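Down below is the structure, laid out as structure tokens.
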Amino acid sequence: MRVFRLLRKKYPIELSGKGAAMSGNRWNSKGTEIIYCAESRALAMAEVAVHISLATLPNDFVMVEIEIPSAVSVSSFPFAELPDGWNSFPHLLHTQRVGDEFVFGKKACVLKVPSAVVPGDFNFLINPNHADFSSIRIVDHADFPFDKRIFSS
């Protein structure tokens, strides 16, 4: 399976959950390392675009393509088990607990979760502390300039 991640060039192009652990996000609390990926380049872009504006748009994004071998354990979080408002901002503690339990439980290396930005699409959370993680690789990366029309009114 191929998944995608949009990174800034000022950070190393590597698979590390350290950035997510610094702030905490929808699917992890502060201190929990996890790697957020999307099922497509378009979803990876949308997941980032909701957090920036034309005025704050950096010009140093890189689209990273990641290969998750078929032997790597993947589980899905049941959409029906999400509480109302799971996709709100600020993030709910409930979804952060889901991600934390996924990381610390180590039952699977990858967790498929619904996108809060694009209903019907999915993100994939990678546990960098799982035994299968060592087989996941970055297979490509390329500069990814945002089309400024996305931010025009």
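None of the figures in this text is laboratory data; all of them are computed from the coordinates on show. All figures in this text were calculated on a predicted structure; none of them were measured in a lab. Glycine also receives a Cβ, built like all others from the backbone with ideal geometry; neighbour counts cover every protein chain displayed.
Quick notes
- Extension gain for ALA71-ALA42 works out to 7.9 nm (0.36 nm per residue, less the C-alpha to C-alpha distance).
- Spin-label model, HIS141/MET1: points 7 Å from Cα along the beta carbon direction are separated by 2.2 nm.
- Candidates per GluC sites (Glu not before Pro) in segment 2-93, loop by DSSP, up to 13 other Cβ within 10 Å: GLU14
- Summing +1 for each Lys or Arg and -1 for each Asp or Glu among the other residues whose beta-carbon sits under 9 angstrom from that of LEU15 gives +1.
- The loop-placed trypsin sites (Lys or Arg not before Pro) in segment 75-153, going by DSSP, that have at most 12 neighbouring Cβ atoms within 10 Å of their Cβ come out as LYS107.
- GNM top mover of HIS141, HIS51, HIS130 - the chain, alpha-carbon springs below 10 Å: HIS51
- Classified by the C-alpha gyration tensor, the chain has an oblate form. Its axis ratio a/c, with a ≥ b ≥ c, is 1.5 or above, and a/b does not exceed b/c.
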